[in-house]
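A short worksheet on the structure shown next.
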Amino acid sequence: MFEIVVFLLVLCVGTLPLVLHFTRGRALTRRAAVLGLWLVGGAALTWAASRTQDPAPVLDRPIEVNSQDYVSSNACRACHPGEYDSWYGSYHRTMTQPATVATVAGPLAGGVRVHARGQDFELEARGEEVWVTMNDPAAPADVVDVPRIERRVVMTTGSHEEQFFWTSMGGRKLSLLPVMYRLDPDEQRWAPLDGCCISPPTSVQEGENARWNRVCNRCHSTHASPRISEDDTVMDTHAVELGIACEACHGPGTEHVAANRDPRRRYDLHADEGGDATIVNPERLDHVRSSMACAQCHSTAGFLDNDEYYKWKQQGYTYRPGEDLFATRSLYTEGDDKFWKDGMVRVSGREFSGMHRAPCYTDGEMSCLSCHQLHMQADDPRPFAEWANDMLKPGMDGDRACTQCHEEYLDDDVRAQHTHHPLGSSGSECLNCHMPYVTYGLLKGIRTHEVCSPSARESVAYGRPNACNQCHLDETLLWTAQHLDEWYGIEPPQLTPDQRTVAASVLWTLRGNSGQRVLMAWSFGWDAARATSGTDWMTPYLLTLMRDPYHATRYIAARSFQKQPEAHAIDYDFMLPSDQLQPRTMPAYAAWAQHGAERPARAATLISATGELDLPEYDRHLGQRDNTSVTLNE
Amino acid sequence: MAKKDEGAASVDAAGAEALARKHLRWGWWSVLVFLALGIGLEAMHGLKVDWYLNVRSETRRLMLTLGHSHGALIGVLHLAFAYSATALPKPPSRLASHCLTASGVLLPAGFLLGGWVVYGGDPGKGVVLVPIGAGLLLVAVLLTALRATRG
């Protein structure tokens with residue numbers, strides 16, 4: 001209204017001299033005509049100006065609202081343009097976005113049909129909006145012809161490796177579609193959600209449970225307030241920002257913004273290296289508190305008690321960066337499939353849960369920021385996309401990550417003596433032995449952040465692949481145990497006859513549970529392991545994994561199989577019905593078997609003297625597969 | 001009495017001419033300098049100079065652009081001042097002249113120094129010259145406007 005009044009005043013004052021000019025000394029009728037025209041024109045213009053309407057309120061998804069001393073990234077931009085820019089380009093910002101044709105990563109032209117959980121999901125663009133046609137989730141379970149309904153896709157999660165989609169189940173309560181879009185440039189495709197998770201295959205549609213409001217908002221937005229009613233029926237969820245923004249790590253900015261309106265204060269701070277006490281800078285915190293800022297999401301921390309849960313249910317987490325995270329949360333390290341039996345976390349996105357058990361953290365001063373950098377520096381020579389991929393400091397994807405503290409290994413002789421591998425080989429790289437790929441997530445093996453040393457004993461006790469056998473895929477646990485004993489004096493564990501004679505990777509592939517098999521599916525495609533182990537024996541095992549009950553394992557195995565010479569001999573998709581997997585993979589096996597005479601015998605990998613697969617032994621091991629149900633919730 | 005007035009008028013005329021020449025000099029040289037600076041800024045756009053165009057240099061870019069535009073426009077004001085010195089029945093005061101000259105140095109220099117070193121969204125400390133220059137410019141324009149009004 002104020003805007004319209006000002007508009008009217010300016011219009012009057014600006015045009016009055018013209019009106020006076022045209023009416024001065026004229027006949028009464030002409031004066032009246034000019035004045036009338038002026039009034040009508042002014043009214044018309046005012047009406048046109050007042051026609052601009054506020055956008056319709058958003059009622060079908062969580063909205064962004066500044067609250068509890070949070071001011072949003074909009075307030076940060078003017079003073080911190082560089083930091084704002086690197087954040088803006090990061091995948092943190094686009095973690096959660098309102099769904100439009102611009103933010104939905106997958107192509108929608110002509111519509112998309114994805115079969116998931118026993119039904120078809122049909123996605124299409126309608127103007128700027130994205131809609132899905134699906135079975136009515138409210139239909140009773142015993143209905144045969146489930147009515148189809150249309151819903152608008154209102155929000156997306158993820159923009160880096162995978163993207164997921166949300167529809168409103170009424171008001172701001174969101175339900176997850178069992179559909180994803182795979183973003184990797186080499187693998188872009190629509191797929192069912194089950195295709196990316198290690199979870200028992202099912203055709204059952206998950207009930208609508210407002211998961212975003214109950215769970216996902218905790219980390220996939222900036223300071224969400226779930227605003228869930230006591231009876232759990234109303235969820236008026238707000239967030240300061242839908243993406244993960246400045247204040248997620250730096251804490252609420254109201255005080256900082258207010259204090260720094262004073263230019264004298266700002267220039268005093270520019271001259272002072274001590275930092276600004278009105279805002280948290282994780283780089284200035286000690287390694288524990290600094291890491292806690294990341295751990296609020298990148299860990300397996302749960303509510304400390306019911307009181308904290310009920311506070312969260314209304315106003316969101318009470319933790320603020322810089323505080324002791326574990327004053328309000330507890331870190332659990334057992335109790336579900338997220339952990340190996342010794343408590344090492346085995347799913348991605350929970351890096352602090354691994355790091356906090358590592359001696360580098362407990363005895364040293366390692367923090368997340370020892371290797372990672374949440375804002376790309378001006379002098380960083382790498383392309384922006386390379387930094388954004390994992391937000392590492394330059395060189396921290398290599399030995400520098402360790403030698404920044406363990407300087408003694410900068411000396412080539414010392415390092416060669418320590419690693420017992422030739423300098424420059426993958427076995428001489430610190431991370432390959434001390435941060436092996438024993439974490440699963442995002443359809444790949446990911447380095448554990450629990451810095452550790454290779455151990456055959458842990459493989460036997462906890463079923464976790466060790467760094468040696470994950471690279472030397474053709475070697476046995478006995479071989480590893482003997483080398484660790486010879487090189488480092490580590491006492492070998494008790495081994496079964498099979499562990500002494502059959503390659504560990506073969507045992508994990510054939511007899512292992514789905515958590516072990518998926519890591520083998522990835523390891524068979526790891527270039528370092530392929531170079532070390534040879535690849536001519538891998539085809540039968542990759543084909544076995546491509547027939548795995550778990551879709552994600554099939555997906556990864558199929559990716560690794562693309563590196564095999566028999567890749568051309570197969571017409572395969574990981575979402576094929578189970579009864580088609582065997583016939584579709586057999587041609588590739590036949591192509592591999594043809595060249596048996598050219599293959600050397602490898603007893604540990606069950607390759608006989610004639611270069612053929614020792615089928616009785618293969619079947620024996622496969623018959624002992626651990627079919628325990630495993631769910632690796634990322 | 002008439003002779004005295006004639007004498008005063010001739011002194012005023014000579015002073016006005018000198019004032020006009022001074023501001024013509026300042027004006028044209030300012031326009032030249034800041035026009036050249038503008039070409040330099042355009043060249044930095046053309047050559048995609050990171051120091052100038054990087055998003056972290058947003059404040060620098062703003063400051064240098066303001067320095068260029070203020071310098072050039074104050075140069076044009078000098079020319080207008082020179083015209084006023086001869087066109088008005090009574091030329092603008094010496095104080096106005098000095099204020100305009102000082103502002104023509106301080107205002108663009110403040111912006112340029114403020115853009116040379118930046119602290120994120122804050123310009124360098126040289127930007128303190130800007131309000132001083134702006135105040136002097138305001139005084140110069142006010143005095144000249146009053147002279148133009150009162151004759």
How many percent of all Cα-Cα pairs in the range B:90-132 sit more than 16 Å apart?
44 percent
Can you bin the range A:487-634 into rounded, prolate or oblate? Criterion: square roots of the alpha carbon gyration tensor eigenvalues sorted a ≥ b ≥ c, rounded for a/c under 1.5, prolate for a/b above b/c, oblate for the rest.
oblate
Choose one answer from B:LEU138, B:LEU47, B:LEU106: the residue with the largest mean-square fluctuation in a GNM of chain B with alpha-carbon springs under 10 Å.
B:LEU47
Need one value: the accessible area of A:THR23 in square angstrom, 1.4 angstrom probe, rounded to the nearest 10.
20 Å²
Can you give me the distance in nm between label points at A:GLN377 and A:SER330, each placed 7 Å from the Cα along the Cα-to-Cβ direction?
4.1 nm
Which residues of the range A:260-301 show a drop of at least 50 Å² in accessible area when all protein chains are present, compared with their chain alone (probe radius 1.4 Å, heavy atoms only, ligands and nucleic acids excluded)?
A:TYR267, A:HIS270
Can you give me the Cα centroid spacing of the range A:133-168 and the range B:10-87 in angstrom?
63 Å
Which links in B:LYS48/B:LYS125; A:LYS173/A:LYS393; B:LYS22/B:LYS48; A:LYS311/A:LYS444 stretch past 31 Å when you go from one Cα to the other?
A:LYS173/A:LYS393; B:LYS22/B:LYS48; A:LYS311/A:LYS444
For chain A, what is the relative contact order in percent, using Cα pairs closer than 8 Å and at least 6 residues apart in sequence?
10 percent
Which of the GluC sites (Glu not before Pro) found in the range A:74-174 are loop residues per DSSP with 14 or fewer other Cβ atoms within 10 Å of their Cβ?
A:GLU128
Can you work out the accessible area per residue across chain B, with the rest of the protein chains kept in place, probe 1.4 Å, in square angstrom?
55 Å²
Measure off, as a whole percent, the carbon and sulfur share of the 1.4 Å-probe accessible area of the range B:13-150, all protein chains present.
74 percent
The ³J(HN,Hα) series, computed from each phi in the range B:30-38 with the Karplus coefficients 6.51, -1.76 and 1.60 at θ = phi - 60°, rounded to the nearest Hz and given as x for glycine or proline, is 4, 4, 4, 4, 7, 5, 4, 4, x
Could you tell me which helices of chain A pass both thresholds, a Cα extent of 20 Å or more along their own axis and a mean Kyte-Doolittle hydropathy of at least 0.0, with helices taken as whole DSSP H runs?
A:2-23, A:28-50
Simple spin-label estimate for A:ARG126 and A:ASP69 in nanometres, 7 Å along Cα-Cβ:
4.4 nm
Rounded to the nearest 20 Debye, what is the dipole magnitude of the protein assembly as shown about its Cα centre when Lys and Arg each give +1 and Asp and Glu each give -1 at the C-beta?
4660 debye
In percent, how large is the relative contact order of the range B:13-150, given Cα pairs closer than 8 Å and 6 or more residues apart?
28 percent
In debye to the nearest 20, the charge dipole size for chain B, taken about the Cα centre with +1 at each Lys and Arg Cβ and -1 at each Asp and Glu Cβ, equals 240 debye
For the range A:1-142, whose charge dipole is built from +1 on Lys and Arg Cβ atoms and -1 on Asp and Glu Cβ atoms, the candidate among A:ALA33, A:ILE4, A:TYR88 with its Cα farthest towards the positive end is A:ALA33
Does any residue of the range B:93-133 lose at least 30 Å² of accessible area with all protein chains in place compared with its chain alone, and if so which ones (probe 1.4 Å)?
B:TYR119, B:GLY121, B:ASP122, B:LYS125
Which of rounded, prolate or oblate describes the range A:336-468 when judged by the alpha-carbon gyration tensor and an a/c cut-off of 1.5?
oblate
Might you report the magnitude of the Cβ-based charge dipole of the range A:508-634 about its Cα centre, with Lys and Arg at +1 and Asp and Glu at -1, to the nearest 20 debye?
180 debye
Carbon and sulfur together cover what percent of the accessible area of chain A at a 1.4 Å probe radius?
55 percent
B:GLU42, A:GLU386, ranked by accessible area, largest first (probe 1.4 Å)
B:GLU42, A:GLU386
Might you tell me the accessible area per residue for the range A:509-550, computed with a 1.4 Å probe and given in Å²?
18 Å²
I'd like the distance between the alpha-carbon centres of the range B:117-150 and the range A:67-113, rounded to an integer number of Å.
40 Å
Chain pair A, B: how much accessible area is buried, both chains summed, with a 1.4 Å probe, in Å² to 100?
1000 Å²
Only helical DSSP H runs with n ≥ 4 go in: add -39500 (n - 2.57) per run for chain A, normalise by residue count and round the 222 nm mean residue ellipticity to 500 deg cm²/dmol.
-10000 deg cm²/dmol
Can you list the trypsin sites (Lys or Arg not before Pro) in the range A:1-53 that are in a DSSP coil and have 16 or fewer other beta carbons within 10 angstrom?
A:ARG24, A:ARG26, A:ARG51
Show me the three semi-axes of the equivalent ellipsoid for the range B:13-150, from the C-alpha gyration tensor (sqrt of 5 times each eigenvalue), largest first, rounded to whole Å.
33, 16, 9
Name the residue farthest towards the positive end of the dipole of chain A from the options A:TYR488, A:ALA293, A:TYR409, assuming +1 on Cβ of Lys and Arg, -1 on Cβ of Asp and Glu, about the Cα centre.
A:ALA293
As an exercise, identify the trypsin sites (Lys or Arg not before Pro) in the range A:233-308 lying in DSSP coil whose Cβ has no more than 16 other Cβ atoms within 10 Å.
A:ARG261
Complex-versus-alone comparison for the range B:26-64, residues with a loss of 30 Å² or more in accessible area, probe 1.4 Å:
B:VAL55, B:ARG56, B:GLU58
Over the range A:89-150, relative contact order from alpha-carbon pairs under 8 Å, at least 6 apart, %:
23 percent
How large is the accessible surface of A:ILE490 in square angstrom, using a 1.4 angstrom probe and rounding to the nearest 10?
70 Å²
Given the C-alpha centroids of the range A:422-447 and the range A:514-590, what is the distance between them in whole angstrom?
21 Å
Dipole of the range B:8-82 (Lys/Arg Cβ +1, Asp/Glu Cβ -1, origin at the Cα centre): which of B:GLY15, B:THR59, B:LEU77 lies farthest to the positive side?
B:THR59
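The values are calculated or read from the model by the stated rules, or taken from the named source; none is laboratory data. Bear in mind that the values here come from a model prediction, so they are computed numbers and not experimental data. Cβ atoms come from the backbone with ideal geometry, glycine included; neighbour counts cover every protein chain shown. SASA here: full protein model, heavy atoms, side chains in, ligands and nucleic acids out. Shrake-Rupley method; radii C 1.70, N 1.55, O 1.52, S 1.80 Å.
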